[in-house]
Structures are given as structure tokens and as C-alpha cells.
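Quick notes on the structure that follows.
The values are calculated or read from the model by the stated rules, or taken from the named source; none is laboratory data. Values in this document were obtained by computation on a predicted structure and should not be read as measured data. Glycine also receives a Cβ, built like all others from the backbone with ideal geometry; neighbour counts cover every protein chain displayed.
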Amino acid sequence: MANITSINAFMRPELKEDIIVEIPGIKTFSDEDGNPIPMKVRALTTSDLEIIRKACRKRKIAKDAKGKPIFQSGVVQYSEEYDNNAMSNEMIAAALVFPDLHDQALRDYYGVNSAAELVPKMFRKVDDYQYIVNQIQEISGITDDADEMIDEAKN
């Protein structure tokens, strides 16, 4: 086994650049010949996912069975919940490069204020929505096993 003692082995130029992958389009968005228009997806990073997770966290005062706040050592306790639908919408908004969901004309057309609000308007069909989510997760290396490992590490 080689003895690697150089920190340079951890300085990977490719880790500083975005990975953008073209994916097959969906029938909902086809050209004049009926061919689905390809889309481009950026692989999400660990940092991207952490920002999305924090943005979709709801923190509430923890309550007992009678609805009274729970205190521990005189300090009120909180519980956290995550809005999975909002997380998926934010994930798509952050990863989809083409079409650009941040484009003002596109948002105006659908009557929304943000890219995340645009997601369920554009991808109304469950199959289309799930396809985009699955593609982003695959490109970003997100698996159910990875989610479980992250949750376990946090506990």
C-alpha cells in the first residue's frame, strides 16, 4: 500500500466545479416535432442540501399530551419537522439549469414569485415531477442509504 503523506492528494480541482448533466426531456415539454426537449441538471452538493434542509425546517415549541410546553432545566424544548414537499421543490429549483426556473418571464407566465413555487406548476404530472427528482438525486449521489447514514450521524 502506498504511503500518501501529501495534502495535495485532497486538493481536487474537479471538486471546485459544478457538474452539469443533460437529461432526457419529458413529453410535457416537446418541440414542434413532438420530441421531448432535453434538460440540464446541476449535481447538488452537500452544502446545497444543507441549505435546502435548513430552509425547509419548521421549529416548534415541544408540547406534552395536554398541549403544555415542555421544559427541561427551566428551558423550553423545541421539536423540528421538515417539509418534504418544500425540500423537493427547492431541490429541483436549485438543480435545474435548463430550463432556468429563476427566469422572470417563466415565473411571470405561471404567476409565481419564486423558482420553488414554479416547480409544482410546471411539473403538474406526478410522473414528470418524480422523474426530475429521481434524476437530480441520481446525479447528486443521493440515495436512501445516504439519507439514513446522515440522520444516524446527527443523532
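Need pairs with beta-carbon distance below 6 Å; first residue of a type outside the set (Lys, Arg) and within segment 79-102, second exposed (fewer than 13 other Cβ atoms within 10 Å of the Cβ); sequence gap 6+ or separate chains. Close Cβ pairs (under 6 Å, with a partner that is exposed (fewer than 13 other Cβ atoms within 10 Å of the Cβ)) amount to SER79/LYS60; GLU80/ARG59; GLU81/LYS58.
If you go through segment 26-57 and keep only what is part of a loop (DSSP other than H, G, I, E, B) and within 19 Å of the chain's Cα centre (by Cα), you end up with ALA43, LEU44, THR45, CYS56. Apart from one condition, MET39 fits all of (1) under 19 Å from VAL119 (Cβ atoms); (2) modelled with pLDDT under 90; the exception is (2). When restricted to residues that are on the phi > 0 side of the Ramachandran plot and either surrounded by 13 or more Cβ atoms within 10 Å (Cβ to Cβ) or not hydroxyl-bearing (Ser, Thr, Tyr) (or both), segment 71-97 contains 1.
Could you identify the single residue in ASP100, ASP144 that is surrounded by fewer than 17 Cβ atoms within 10 Å (Cβ to Cβ), modelled with pLDDT of 85 or more and either under 16 Å from the mean Cα position of the chain (by Cα) or hydroxyl-bearing (Ser, Thr, Tyr) (or both)?
Values: ASP144 fails: modelled with pLDDT of 85 or more.
Only one candidate qualifies: ASP100.
Taking each residue of segment 119-141 that is farther than 16 Å from LEU49 by Cβ and looking for partners that are in a loop (DSSP other than H, G, I, E, B) and polar (S, T, N, Q) with beta-carbon atoms closer than 6 Å, six or more apart or interchain, yields ASP128/THR28.
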